[in-house]
Structure formats: structure tokens, C-alpha cells
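Q: Dropping a structure here in C-alpha cells format, bear with me for questions.
The values are calculated or read from the model by the stated rules, or taken from the named source; none is laboratory data. Note that the structure is predicted; figures quoted are calculated from it, not measured. Reconstructed Cβ throughout: ideal geometry from the backbone, glycine too, with neighbour counts over all protein chains shown. All accessible areas refer to the heavy atoms of the entire protein, side chains included, with ligands and DNA or RNA removed. Shrake-Rupley method; radii C 1.70, N 1.55, O 1.52, S 1.80 Å.
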Amino acid sequence: MDEIDDKGAGKEHSEALERFDRAQEFERENRKLAEEDFQFVAGDGQWDCEVRKQREIEGRPCLTMNRLPVYIAQVMGDARQNKPAIKIQPVDDESDPETAEVVEGIIRHIESASDADVAYLGALQHACEGGFGHWRVLTDYCDETSFDQEIKIERISNPFSVYWDNNATHPCKADAEWCFVTEWMTTEAFDRKYPKLDGEVRDWEADQTVTRYGTWLDGQHRVRVAEYWRKKRVKTTISQMPDGSVVEGKIEGAVRTRESVNIQIERYVLSGDKVLEGPELWAGKYIPIVTITGPEEFIDNRLRYRSMIRYAKDSQRMYNYWQTAITEKIALTPKSPFIGTIEQFKGLEHIWNKADILKVPFMPYNPDPMAPGPPQRQRPADINAAEIQQANQSIEDIKATIGIFDASLGAQGNETSGRAILARQREGDTATFAWIDNLARGIEHTGRILIDLIPRIYDTQRVMRILGEDQSEKMVTINQVNIVNPWTGDYEVLNDMSVGKYDVRVSVGPSYATKRMEAAESMMSFVQAFPAAAPIIGDLIARNMDWPGAEDIAERLKKTIPPEIIDEELSPEEQQQREQQMQAQQQEQEKQKAMAEQMHQLEMQKQISEIRAKMAKAAKDTAEAEAQDIENDATESGIADLLERMNG
């Protein structure tokens, strides 16, 4: 931050004290209700103080069966699974999609390096439990030896430390004129940080100065210190040049000029009686504090922010009461008193006084003609079915007031069909979506703060890490000066962060990893229904798989797909290489086809040769058979003639 003239700091301090008093009074009711809610959801304050005190005097239990945190955990789980993501869109002719993608990657890098999820989810939990929560954006040097700055997102762990302009109406307080972020410091830490004050400090609400040598260390161990942020409007003149550009100042030759106002953000650090730091000029035009709240209620001309559990507290108290009553009756069952006459216990009081704790085989008593038989234990009070019913009803009342039912919690409910279960789950999501939606709105405002800061903080040429939607890393040079013509000095700036206007949108949905797995499953189902698509989208299926080597397989499959199907813009060298690959593949296919035809011809010739050999062999066998028949006929004819001559 830049130091500015501190003239009039006393006036600014008085203004700050007056505004702080107004903010305290305006937010008093909200803070009181929020404090009660925070205590209640933590398990404190679920019994009325007078009732608890009386029961403790009587030795009766006050059980707390806290069922509320599980409902808050359900909303927090939904937020973790459906994280709002900042999307950047170009909105004028000077911005372009490529630079918007770089800005979006820078924002993801800022969120990742800052553990922004901790800040976002911490504020959401505070809003669910008490009605409001906060985080902040700040800047710092990259390291001890660097002049480059970086942007960070930081959580505000104490939701009661932030006080806003009571005239602000925006849900995230984007329209506020001022804001306080307070903290309590020990006097030792204060003295160490501000040694030039000679140990003199005043609480914001103290009536007199406390000195180090007086009562400062006697009961006054802390001092409140506050950051004071305020907007300051500075009048200026802007001029539109013939080329359409707008510059600040009254420039000769401008097409037109007009009066305008620049918003500056000043930061002070104050104690109860003086300005400790500042004024300093903040780099952006937004107060870098973001607030999210629960649903708003307007009652008696006052605005209140509702927590998730505020209207479930009575049901929780009733559940505690009925569970305590049931437990108390069950616990007292073996301690029911014995009923008998004085004569029966006379002289045996030391034994009967310990009847509930002694484990003895028999209990002696004195026979009394007026009361035949031994003393009898009084029948304990029965557990009333109505008490159990009321305890169960209290559980249902908690669900109804919060809006989350068994199906949303994963428990078995009255629903039997899958459609009914999904409908009840959607009903629970709808009832609690106000908190998720307000979180998204806060993250969207954070995106605007970052877009405003990035050109001012990242204003020099530097190499930055940016993150893609899949959290893949890439190094990009921003504000890179490229000399177009060294003779004329013409140049262009690549990835210029100061050119163009960009808008912020937030998408709420599953994380990229979840969407990738869902996409892979859907693609597999599609390929099963339409197998012809497998050669065309095989690389996309492989890229969405979650196992080692998926990217390598995807790249190999992609090389087999014709470029006209992929529809990529290739450089001439890449296009020539792709054509050479396609020609090589075509030649290889033709070669394999020729070899297949040659093998087919050889196989056909072999089959023809075998057929001819078989035919020749058949002809030979036929000729030999015929010759044998002739020989046999001749032999038979000769024998017949010989026999005839012998008989004659």
C-alpha cells in the first residue's frame, strides 16, 4: 500500500469512532442472536439457566442430546462437493478469450496458494451457525528479497470482528462506504508492535487513558485495535480520444470530455485514542472484505440474518427435556424406596439405608403384627408412551424447521422408491440452498475484487503459474513486451493484464474430478449403445479415466483420428507432419493389403495344386482298377476254357 498525507488524521479518528458506535448499535441485535446461536449449536445454553440451576440443586440430570451439528455438516458437505468456481468472461472489444483464460488461471492459482477453500468454508460454517461470516483479500511481497507482490485470500476466524457501514444493502456489502476489522491484542503485544506510544493506550469504549505505569497491567490485559477502511471519492476529468480510447485528464484534441469520480480506498489502523498506522492507499477500488450471510429477515424496520438452527432451538430443547425425563425414570428404577412400618426397620436402619448399594443374600427386618410380611419396594414410575412419542416428535420438528430430512442424511425414511428418495433429497437441498447461494455470491464478489487488483499488482512482466480447471499447471508470461519493428519501435504486449474489461460468473456444481468420472461413465454407456463412435471418441474416453497412463493412451489414440474430425487449428509444420503420418499410415495399410492379397493368391494356388494332385491320383487309381478288372476277366475266361477241355 502507498502512504498518503496524514493531514487531518485527528478528524478521521473522530469520524471513525462515531461510525464505529453507529455500527455497534445497528448490529447489536444481530450479534446477540448470533452469539446465542453459536453457543447453542456448540451444546451450551440448551437448558434455561434457572431450570438447570434448580435441577442441579435437586440432584436431577440435565442431558444435552445435541442433534443440530449433523444438519450443518450436511450443508458443509454439499458445499465441499459442489464448490463454486470463478469464471471470467470478456465483455468488450479490447478483451479476448485467451487473456480471460489466463486471468481465470491466475485466480485459480491465487485460490490454491492461499488455501481459499479454508476461508470460504469457514465463513459458510459461521453463516450456518450464527447467520454471518467473512473472509478478506490482501496483498504481500512474494518473499523477503522481492519487490513483486502477490494477492492472497485469508480467512477471518472471528465473525464478530467485522463491523460494516449500516447503510450498505448489498448482500456482500460491496456498496459499503466503510468497514472495521477489529482484534484484541495483549498489552505486551501492543507495546512491542507500537513502541513509540510510550505504553499509552485506550480501549475504544474506555473513558480514560490507561498508562503502562498505572493500571494497564492491573486487570487491563488487552486492548482493542481496528483496521478502518473507507471509500474516498476524488473528482477527475476524462477525455475520449479520436481512436476511441479514454484517458484521464483534459487532453487537447479529445473528441469529448466529462467530469468523473475515482474511488480510492484508504486504510487506517486505530486504537481508542489515536491513529496507529496510515492513512494508506489500497490498490483496488473495492473494500477487500467479503461477507456472506444467511437469509435476511426484516422485522420492525430492522434487518436480521438468520442461522440454520435458529428456529430449531425450541425443538432441540424439548428433545433434551423428554430424553432427560425418560433417562431419569429408567435410572431411578432400582432406587425406588421400600415401604414398611417403623417397627420393621427399628435397629436395622444402617442396613436398610444402604439397600440400593449393598449386595447381600438377605435383608433382615422386624416382624410387625400390624403389617404382616416384609417391607415392599414401591413400584417405580412407568415410562409413559407419550414421553417417547414426544421425543420422537421433537426430532421430526427439528427436521421440519431446518428443512433436512432422513433421506438427505443418508438414513432410512418413509420413502421406498428411488424416485421418492431423490425427491426428498432435493427438497432438503432446496430448503438449505440459500446458504450455498450466498456463498457463491460472496465468491463472485471476490472474483471482482481480484479482477480489479490483478492489473494493479501484476503490472510488470513476470512468469506466473496458472491452473486449469483440472488443476493442471502451466507457466505463462504476462505483460510480455514483443518488439514488432525494431526500426520504428513498434511493439505489442502479450497477455496484457491492463487491457480489456472482464466480467465474473460463478458456476456451482461437482468438482472437476467428479465431473470427469461421470463423463467417462456416460461415454462408456454411449459407446455400448453406439459402437461405431469408439474409434472417434476413444481418446476422450481415455483422457477422462482415472488411472496412470490415461493421458499417454489418449495421445496415441488421438493420432489415429483424421484431423478433419478433430477440427484442430494446426500450424503448417504440424499439418505437414500430420499429412506425412497419414500418408505413412495409408502406405502401411496398402502394403498390408497387398501382402494379404499375395498370401491369398499363394493360398489359392496351393489349393489348386492340391486339387489337381488329387484328381491325378483319382485318375491313376481308376486306370489301375480298370486294368485289374480286365486281368481278372481274362483269368476267369482262361480257367473256364481249360476245364471245358478236360471234361471233354
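Q: Please list 190-196, 169-175 highest first by mean number of surrounding beta-carbon atoms within 10 Å per residue.
A: Final packing ranking: 169-175, 190-196.
Q: Shifting gears a bit: Please list, ordered by chain and number, the residues whose modelled amide H lies under 5 Å from the amide H of Phe338; skip anything fewer than 5 residues away on the same chain.
A: Gln378
Q: Take the solvent-accessible surface of the protein heavy atoms, probe 1.4 Å, and return the percent of it on the range 62-206 that carbon and sulfur atoms account for.
A: 45
Q: Near Lys614, which lysines are there with a Cα under 28 Å away, not counting those fewer than 8 places off in the same chain?
A: Lys606
Q: Quick one: of Lys152/Lys250; Lys193/Lys231; Lys285/Lys399; Lys329/Lys359, which pairs are farther than 32 Å apart, Cα to Cα?
A: Pairs exceeding the cut-off: Lys152/Lys250; Lys285/Lys399.
Q: Rounded to whole Hz and in sequence order, give me ³J(HN,Hα) for the range 86-100 from the Karplus expression 6.51 cos²θ - 1.76 cosθ + 1.60, θ = phi - 60°, writing x for Gly and Pro.
A: Going residue by residue, I get 7, 10, 10, 10, x, 10, 9, 6, 8, 8, 9, x, 5, 5, 4 Hz, with x marking Gly and Pro.
Q: Arranged from highest to lowest average of other beta-carbon atoms within 10 Å per residue, in what order do the peptides 21-30, 365-374 appear?
A: In descending order of packing, they fall as 21-30, 365-374.
Q: Under the Karplus relation 6.51 cos²θ - 1.76 cosθ + 1.60, θ = phi - 60°, what is the ordered set of whole-Hz ³J(HN,Hα) values for the range 19-27, x standing for Gly and Pro?
A: 5, 5, 4, 5, 5, 4, 5, 5, 9
Q: Let's see if you can work this out: charge +1 on each Lys and Arg Cβ, -1 on each Asp and Glu Cβ, no other charges. What is the dipole magnitude of the range 38-81 about its Cα centre, in debye to the nearest 20?
A: Computed about the Cα centre, the dipole is about 100 debye.
Q: Which is farthest toward the positive dipole end of the range 257-325 among Ile289, Met308, Val261, measuring Cα position about the Cα centre, with Cβ charges +1 (Lys, Arg) and -1 (Asp, Glu)?
A: Met308
Q: OK, next. Percent relative contact order of the range 237-333, based on C-alpha pairs within less than 8 angstrom and at least six residues apart?
A: It comes to 13 percent, rounded to a whole number.
Q: Here's something else I'd like to know. Please list the non-local residues whose amide H lies under 5 Å from the amide H of Leu303, H modeled 1.01 Å from N, same-chain partners needing a gap of 5 or more.
A: none
Q: Quick one: what are the phi-derived ³J(HN,Hα) couplings along the range 303-318, Karplus 6.51/-1.76/1.60 with θ = phi - 60°, whole Hz, x for glycine and proline?
A: Once rounded to whole Hz, the list reads 9, 10, 10, 9, 8, 5, 9, 4, 8, 9, 5, 5, 5, 5, 5, 5.
Q: How high is the relative contact order of the range 287-371? Use alpha-carbon pairs under 8 Å, at least six apart in sequence, and give a whole percent.
A: Relative CO of the range 287-371 lands at 18 percent.
Q: Rank-order 319-329, 453-463 by packing density, defined as the average count of other C-beta atoms within 10 Å over each peptide's residues, highest first.
A: 319-329, 453-463
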